[in-house]
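Asker: Below you'll find the structure I mean.
The values are calculated or read from the model by the stated rules, or taken from the named source; none is laboratory data. All figures in this text were calculated on a predicted structure; none of them were measured in a lab. Note that each Cβ is placed from the backbone with ideal geometry, even for glycine, and that neighbours are counted across all protein chains shown. Keep in mind that these areas ignore ligands, DNA and RNA; they rest on the heavy atoms of the full protein, side chains included. Shrake-Rupley method; radii C 1.70, N 1.55, O 1.52, S 1.80 Å.
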Amino acid sequence: MIKVALKNLRGHKLRTLFTAFAIALGVGFMAGTYVLTDTISSAFDELFSEANAGIDAVVQGAEPFESSAIETGGQRPDIDPAIADLVAGVDGVAVAEPGVFGFAYLLDEEGSPYVSGGAPSFGANWTGTETAGFTIVRGEAPEGPTQVMIDEATADRAGLDVGDEATVQTLTGTFPVEIVSIGRFGESGSLVGSAFVLMDTRSAIDLFTPNGLIQSVYVIAEPGLSEQDMVDRIAPVLPDGIEVVTAEESSEESQALFDQILGFFNTFLTAVGLVSLAAGAFLIYNTFGIIIGQRNRELALLRALGAGRRQVLASVLAESVVIGLIASLLGLVGGIALAFLLINVIAAIGIDLPSTTPVVALRTIVLAMAVGTAITVLSSLAPALRASRIAPMAALRETATERPSRSIVRLVIGLAILALGVFVMVRSVADGEAGWAAASIVAIFAGVVVLGPFIVPTVVAGLAAPARLLGFAGRLGGDNARRNPRRSAGTAASLMLAVTIITFIAVNLFSFTASFSAATDKYLKADLEVQSGQVPILGQSAVEALAALPEVRAATGVQRGQVQIDGTVRPVYAVTASAVLDIFDLQGVEGDLAGMGTDGIAIDRVTAEEQGLAIGDTVEVLFPDSTEATLTVAAIYEDGGIIAQNSDGHYLIDVERFTAHFGANNQFMARIDVRGVDGVDLAQLRAAVEAELEAFPTATVLDKDELRDQAQNQVLQVLGFLFVLLGLALVIGALGVTITLALSVFERTHEIGLLRAVGTTRGQLGVAVLVESIVLTLLGTVLGLVIGIVGAVAVVRSQADLIDTLQVSVPWGFLVLVVVIAVGIGVAASIVPGWRAARMDVLEAVSAE
Amino acid sequence: MASGPQTSAPIAARAEQATKVYGLGDTAVWALNDVDVDIEQGRFTAIMGPSGSGKSTLMHCLAGLDTLTSGRVLIGDTDLSTLSDKDLTLLRRTRIGFIFQSFNLIPTLTAAENIRLPALLGGRDQDTSWFDSVVSTVGLGDRLGHRPSELSGGQQQRVAVARALAQQPEIIFADEPTGNLDSRASSEILGFMRSAVSDANQTIVMVTHEPSAAAYADRVLFLADGSIVDRMDSPTEESVLDRLKQFGA
Ligand SMILES: Nc1ncnc2c1ncn2[C@@H]1O[C@H](COP(=O)(O)OP(=O)(O)O)[C@@H](O)[C@H]1O
Ligand SMILES: [Mg+2]
């Protein structure tokens, strides 16, 4: 029987290949994701060790509680430069040098960064020893506040060399410099495309860090002492809040932080891969169903000749195992190739990874093979069971067509799942449970899939109606799309999945952007917003400079960090307390927010009630620098969403308090909101603000209209990105349509021959297949659109209590685009089967018995 | 109103030195070997011969479903070898009718739509009174709305006959139209074909291996090894059987 299975595969090479390809796409995407993230991770592993190559120990601020690296980028506190001297005095320490590490951008004469495109640019100190991580390629060591060394890769890319002049942008403004040397980082020469500006230690502390503190002390031991010896000797002399770790631990820590961010990325891409695999599963299920329907007679004959049920089952399953293995292998190889390609693309846009050898972990191979094979076999299980139940009698029957499966059992199960989904959806919207609303979509989707064969005839009749305009051929195509409801439903399922997800995300994004814009209109009292864009350069000094302008009534930045409040880690937002009520409408404030000062904290109403806090109560706050402070609840406000730009804006503190306890690299602001004095002309205000920001040439100033446009554009970008990723599932859907059509055309050989004999032209046959293809794609698309829109509206509406400016926004233009793309897919999917139908040998068709 | 064998009727279809060879060299099969034949208009012609003698090949070539290796075929005045695939298709749609042994109908269409299929493909309107008369002749009145799967084999063939007749084509080709039917259904179908020729001056060419079927025809052509070896006018079942026995001997 296994031999029969293998023979079948060989006999239908094209079909086998197509089916395998659907699974291979999903597997390839997953495998590619793992290879890519593993490769990036290992590249960084190498880099982080390289950065610490000549070093034995690192002295750094200790974190009193664990913060989320993804949200804060790390909150290690800064330390006093004097610690370097303290450590240098420890017995066995050969070198102890301060390590400064901040952001610093090299600007050209126009004020644009030399290195753009997302890679960061760091400011560090040149120590003249191995602790710097750099070696001089040419030129002299930088000395004083106007001399810098830059890294070789940046110099090459920007066309800069020793003797050139440039401008350096930091948090505190810009200053002119002369490039006195070119340095090389470690051995590879570049830290994944990021730029470096190095100055002597004194100047680096003065210019790169706003608080005069340093980030670490790098230690080199005297010969004969181990890393651990260093740690053991240094630890006892360090004051509280400062720790020493071995160089190896320090590298591992950087790596762990990075891996956390990479893991996020990995999870996201894996989810996309799983969607593709699910689409592939539908395709396999449907294809096997059709094939087994067509082989009914052959299988029955086998049974009549004495093959047992188990043997038939085993033969079909063996076929699927082989397809699964081939597909997984194809996917694995393709995924590795894709990752390799991406790594080279990344390198080509300037983010060099030190090694471009893809890391193919055993885990990747096992996972790809197991997931691909398992999904294939599971999807073919139901059709295989059906095959094994074919009665030997079926061999003797005249017709050998698939029996339509529209059993009562299916109807009852389908309706039950659908009803459950609808019930949960209605309840969750009423109760404001967004999570449940999202979950209900899965049930509704499943219900529609199960009910597919019942829904199809009506929906297809509607979709196919316009095809009659194409004449009789159009009508034939529409009829063909309807003649086997289970097949049509199964074919449409892959597309339905992709379209449901795309639509769901699109409607959500548009709705929340609309809601956000409405909130901006209603609750943002600022006239202008200054944004730092890709270059993090805005700090409190800029806020104060803007606030001091005569045209400006109030200005505040918004900073975000994590603290521990009464034992729990919470996000806090830092604002200029005296200005905040002039800028943001918090929809009602009890207490004195403007005057809360550094000892006060403001809390939103919901959190205050949850924690049982009232004005005048105190909370214990632990800051990243280990300072514990008792803050008094100075104000309770109704809604801080406008500050946080999401719904977790629960705690506000004054910026002065924040600045005192957070490291230099946590002091950047993404935005500063500015309100003009009453009656000031917007253009005049803008001119004044822009003039004041001359020292921050990369900052952009936006008014409210521009903010709204910006939000829209960002949504479109995200959507475009998602479309590309989910395009994979769309491709699988198209593949499913092609396979179904090809199998149907094959099955209708006689019919096509007859049509040709009685005068159907090749063109007419092509049109019929085209219409069938478009109707099938539209079937999946329309059902997906409906489920996606309904689901997204439910999820959005369920948050009506949280967001008072909530708006449901259905992006009709985008959805029309989805339909247009679906029609395009339908056209593409019909090409091969349509060509086959049109070219079918009439004689062979009419004389085939 | 069958014309006598001696009067020369106008020609509906003609094969001239028709040769059809399958394959090359030693393995070549001469399915038709230099066949000259005239199909006279308004007559019912049967083609008989042993299996593999080239009956279907001849019919397919006459009907424009297949092309000759050499020689030519004319339908009326039209030389089929000069036509493109598209023109051939239109010729089949408008000037030729077909009845096959099985798989004659499109399963998604009703009986009525199957009958009007060539007209529907051409976007033409069917001549309603003629349609009604054909439908009543073949006795399908109450079955017109049914799909093929709801019809018996005999009813399906009646629909096929009605489709061929409904177009009033210049010539109808039938390849063993009763091969799958019992004798009662067979004689019904053959009766309709006979009366179409006698009453409506239709031209029909039918391939068959049953002498009883051939007896309905005005003339029988006997094929063997790709050549026409004999012809017989006004055949009866007995005379055809006798003739076949001669060949067999
Ligand atoms: N497509 C083909 N390829 C090769 N040989 C063929 C083909 N079609 C028919 N033949 C051969 O041509 C001869 C005549 O066939 P056919 O016209 O079908 O005979 P009949 O209808 O009288 O049984 C036979 O020997 C048959 O094997
Ligand atoms: Mg034959």
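Asker: Run the numbers for A:Ser112 and A:Gln712: contour at 0.36 nm per residue of separation, minus the present Cα-Cα distance, in nm.
Answerer: Length gained, A:Ser112 through A:Gln712: 213.5 nm.
Asker: What percentage of the solvent-accessible surface of chain A, computed with a 1.4 Å probe over protein heavy atoms, is contributed by carbon and sulfur atoms?
Answerer: Carbon and sulfur atoms account for 60 percent of the accessible area of chain A.
Asker: Mind checking the angle between helix A:485-523 and chain A's longest principal axis? C-alpha axes, 0 to 90 degrees, to the nearest 10.
Answerer: That works out to roughly 30 degrees.
Asker: How large a share of the accessible area of region B:1-127, in percent, is made up of carbon and sulfur atoms when the probe is 1.4 Å and the other protein chains stay in place?
Answerer: About 49 percent, which is the carbon plus sulfur part of the accessible surface.
Asker: If you take every DSSP beta bridge fully contained in region A:89-225, what fraction is antiparallel? Give it as a percent rounded to 5.
Answerer: For region A:89-225, the DSSP antiparallel bridge percentage is about 70.
Asker: Still on this structure: Go through A:Leu741, A:Ala43, A:Ala629 and say which Cα lies farthest out towards the positive end of the charge dipole of the protein assembly as shown; charges sit on Cβ, +1 for Lys and Arg, -1 for Asp and Glu.
Answerer: My answer, from the dipole projection, is A:Leu741.
Asker: Keeping all protein chains in place and using 1.4 angstrom, which order do B:Arg194, B:Arg143 fall into by accessible surface area, from largest down?
Answerer: Most to least solvent-accessible, the answer reads B:Arg143, B:Arg194.
Asker: Residues of B:101-110, mean number of Cβ from any other protein chain within 10 Å of their own Cβ, rounded to a whole number?
Answerer: That works out to 5 on average.
Asker: To the nearest 10 square angstrom, how much accessible area does A:Arg410 have with a 1.4 angstrom probe?
Answerer: Accessible area, nearest 10 Å²: 50 Å².
Asker: On average, how much accessible surface per residue is there in chain A, in Å², for a 1.4 Å probe, leaving out ligands, DNA and RNA?
Answerer: Heavy-atom accessible area per residue stands at 40 Å².
Asker: Show the residues, 5+ positions off or on another chain, whose built amide H is closer than 5 Å to the amide H of A:Gln147.
Answerer: Here A:Glu178 satisfy the definition.
Asker: Please report the antiparallel percentage of DSSP beta bridges with both residues in the protein assembly as shown, rounded to the nearest 5.
Answerer: The antiparallel fraction comes to roughly 75 percent.
Asker: Further question on the same structure: Assign unit charges at the C-beta atoms only (+1 for Lys and Arg, -1 for Asp and Glu), then state the dipole size of region B:32-158 relative to its Cα centre in Debye, rounded to the nearest 20.
Answerer: Numbers: 12 positive and 15 negative charges, 69 e Å.
With only Lys, Arg, Asp and Glu charged at Cβ, the dipole is about 320 debye.
Asker: With a 1.4 Å probe, what is the total accessible area buried between chains B and A, in Å² rounded to the nearest 100?
Answerer: The buried area between B and A, both sides summed, comes to about 2200 Å².
Asker: When chain B is treated as a GNM, springs tying every alpha-carbon pair under 10 Å, which of B:Ala185, B:Ala160, B:Ala196 comes out with the largest mean-square fluctuation?
Answerer: B:Ala185
Asker: A further question on this structure: Cα atoms only: what Rg and Dmax, in Å, come out for region A:533-698?
Answerer: 16.1, 48
Asker: Residue by residue through region B:18-28, what is 3J(HN,Hα) from phi via Karplus (6.51 cos²θ - 1.76 cosθ + 1.60, θ = phi - 60°)? Round to whole Hz and write x for glycine and proline.
Answerer: Per-residue couplings from phi come out as 6, 10, 10, 10, 9, x, 10, x, 5, 8, 4 Hz.
Asker: Okay, next question. Each label point is 7 Å from the Cα along the Cα-to-Cβ direction; what then is the distance between the points at A:Phe175 and A:Val422, in nm?
Answerer: Taking the simple label geometry, A:Phe175 and A:Val422 are separated by 7.0 nm.
Asker: If contacts are Cα pairs under 8 angstrom and at least 6 residues apart, what is the relative contact order of region A:402-481 in percent?
Answerer: 29 percent
Asker: Something else about it: Compute the FRET efficiency between A:Val816 and A:Ala382 as 1/(1 + (r/R0)^6), taking r as their Cβ-Cβ distance and R0 = 30 Å, and round to the nearest 0.05.
Answerer: 0.25
Asker: How do A:Glu747, A:Glu319 rank by accessible surface area computed with a 1.4 Å probe, from largest to smallest? Could the numbers behind the result be given before it?
Answerer: Values: A:Glu747 80, A:Glu319 5 Å².
Sorted by accessible area, descending: A:Glu747, A:Glu319.
Asker: With both bridge residues required to lie in region A:533-698, what share of the DSSP beta bridges run antiparallel, to the nearest 5%?
Answerer: Once the DSSP bridges in region A:533-698 are tallied, antiparallel ones form about 75 percent.
Asker: Amide H of A:Leu586: which non-local residues (sequence gap of 5 or more, or other chain) have their own amide H closer than 5 Å, using H built in the peptide plane?
Answerer: Amide H neighbours of A:Leu586, under 5 Å, 5+ apart: none.
Asker: Name all residues of region A:576-609 having a backbone nitrogen under 16 Å from the label point set 7 Å from the Cα of A:Asp678 along its Cα→Cβ direction, giving them as ranges.
Answerer: Of the residues in region A:576-609, A:582-583 have backbone N under 16 Å from the label point off A:Asp678.
Asker: A further question follows. If you bin every alpha carbon distance in the protein assembly as shown into 10 Å steps from zero, what whole percent lands in each bin?
Answerer: 2, 8, 13, 15, 14, 12, 9, 8, 6, 6, 4, 2, 0, 0
Asker: Now for a different question. Among B:Asp36, B:Asp225, B:Asp87, which one shows the highest mean-square fluctuation when chain B is modelled as a Gaussian network with alpha-carbon springs under 10 Å?
Answerer: Sorting by GNM fluctuation, first place goes to B:Asp87.
Asker: Which loop-located GluC sites (Glu not before Pro) does region A:540-595 contain, where loop means any DSSP state but H, G, I, E or B and the Cβ has at most 16 other Cβ atoms within 10 Å?
Answerer: Values: sites: A:Glu544, A:Glu551, A:Glu590; in loops: A:Glu551.
Passing sites in region A:540-595 do not exist.
Asker: What whole-number value in Å² describes the accessible area per residue of chain B for a 1.4 Å probe?
Answerer: 43 Å²
Asker: Moving to a separate point now. Treating the angle as unsigned and between 0 and 90°, give the value, to the nearest 10°, between the Cα long axis of helix A:472-483 and the longest Cα principal axis of chain A.
Answerer: With rounding to tens, the tilt is 80 degrees.
Asker: Right, here's the next one. For A:Glu243, what accessible area in Å² do you get when you roll a 1.4 Å probe over the heavy atoms of the protein chains, rounding to the nearest 10?
Answerer: The accessible area comes out at roughly 60 Å².
Asker: Set the Förster radius R0 to 60 Å, insert the Cβ-Cβ distance between B:Glu238 and B:Arg147 as r into 1/(1 + (r/R0)^6), and round the FRET efficiency to 0.05.
Answerer: With a Förster radius of 60 Å, E is 0.90.
Asker: Work the Kirkwood hydrodynamic radius out for chain B: mean of 1/r over every pair of different alpha-carbon atoms, inverted, in Å.
Answerer: Averaging 1/r across every pair of different Cα atoms and inverting gives 18.5 Å.
Asker: Based on the Kirkwood radius over alpha-carbon pairs, what is the Stokes-Einstein translational diffusion coefficient of region A:479-545 at 10 °C with 1.306 mPa s viscosity, in µm²/s?
Answerer: This corresponds to a translational diffusion coefficient of 94 µm²/s.
Asker: To continue, here is another question. By how many degrees, 0 to 90 and rounded to 10, does the Cα axis of helix A:434-464 deviate from the longest principal axis of chain A?
Answerer: 30 degrees
Asker: Sticking with this structure for a sec: Out of B:Ala174, B:Ala196, B:Gly153, whose Cα points farthest toward the positive end of the dipole of chain B (charges: +1 Lys, Arg; -1 Asp, Glu; placed on Cβ)?
Answerer: Among B:Ala174, B:Ala196, B:Gly153, the one farthest towards the positive end of the dipole of chain B is B:Gly153.
Asker: What's the magnitude of the charge dipole for region A:78-240 around its Cα centre, counting Lys and Arg as +1 and Asp and Glu as -1 at the beta-carbon? Answer in Debye, nearest 20.
Answerer: 200 debye
Asker: Turning to a different aspect of this structure: At a probe radius of 1.4 Å, what is the per-residue accessible area of A:Leu463, in Å² to the nearest 10?
Answerer: 40 Å²
Asker: Quick one: which residues, 5 or more positions from B:Gly97 or on another chain, have an amide H under 5 Å from its amide H? H modelled 1.01 Å from N in the peptide plane, none for Pro or chain starts.
Answerer: Amide H to amide H, under 5 Å and 5 or more residues apart or across chains, B:Gly97 pairs with B:Ile171, B:Ile172, B:Phe173.
Asker: Please work out whether region B:108-214 counts as rounded, prolate or oblate from its C-alpha gyration tensor, where a ≥ b ≥ c are the square roots of the eigenvalues and a/c under 1.5 means rounded, while otherwise a/b larger than b/c means prolate and anything else oblate? Before the final figure, lay out the partial values.
Answerer: On the way: a/c = 1.77, a/b = 1.26, b/c = 1.40.
Oblate, since a/c reaches 1.5 and b/c is not below a/b.
Asker: Can you tell me the alpha carbon radius of gyration of region A:78-240 divided by the globular rule-of-thumb value 2.2 N^0.38 Å?
Answerer: 1.08
Asker: With +1 on each Lys and Arg Cβ and -1 on each Asp and Glu Cβ, and nothing else charged, work out how big the dipole of region B:100-249 is about its Cα centre, in Debye to the nearest 20.
Answerer: Dipole magnitude for region B:100-249 comes out near 240 debye.
Asker: Could you work out how much longer the chain between A:Ala347 and A:Asp161 gets when fully extended? Use 0.36 nm per residue separation minus the Cα distance between them, nm to one decimal.
Answerer: Numbers: separation 186, 0.36 × 186 = 66.96 nm, distance 2.27 nm.
So the chain would gain 64.7 nm between A:Ala347 and A:Asp161.
Asker: Debye sum, Cα scatterers, region A:47-94, no solvent: what log₁₀ I/I(0) at q = 0.27, 0.31 1/Å?
Answerer: Here log10 of I(q) over I(0) equals -1.06, -1.09.
Asker: For a protection proxy built on the mean count of beta-carbon atoms within 10 angstrom, sort A:815-822, A:327-334 highest first, please.
Answerer: Those peptides, ordered most packed to least, come out A:327-334, A:815-822.
Asker: As a test of understanding, state the convex hull volume per residue of region B:1-136 from its alpha carbons, in Å³.
Answerer: Normalising the Cα hull of region B:1-136 by residue number yields 168 Å³.
Asker: Along the charge dipole of region A:533-698, pointing to its positive end and built from +1/-1 on Cβ of Lys, Arg, Asp and Glu, which listed residue (A:Val589, A:Ala664, A:Pro571) has its Cα farthest out?
Answerer: The residue sitting most towards the positive pole is A:Ala664.
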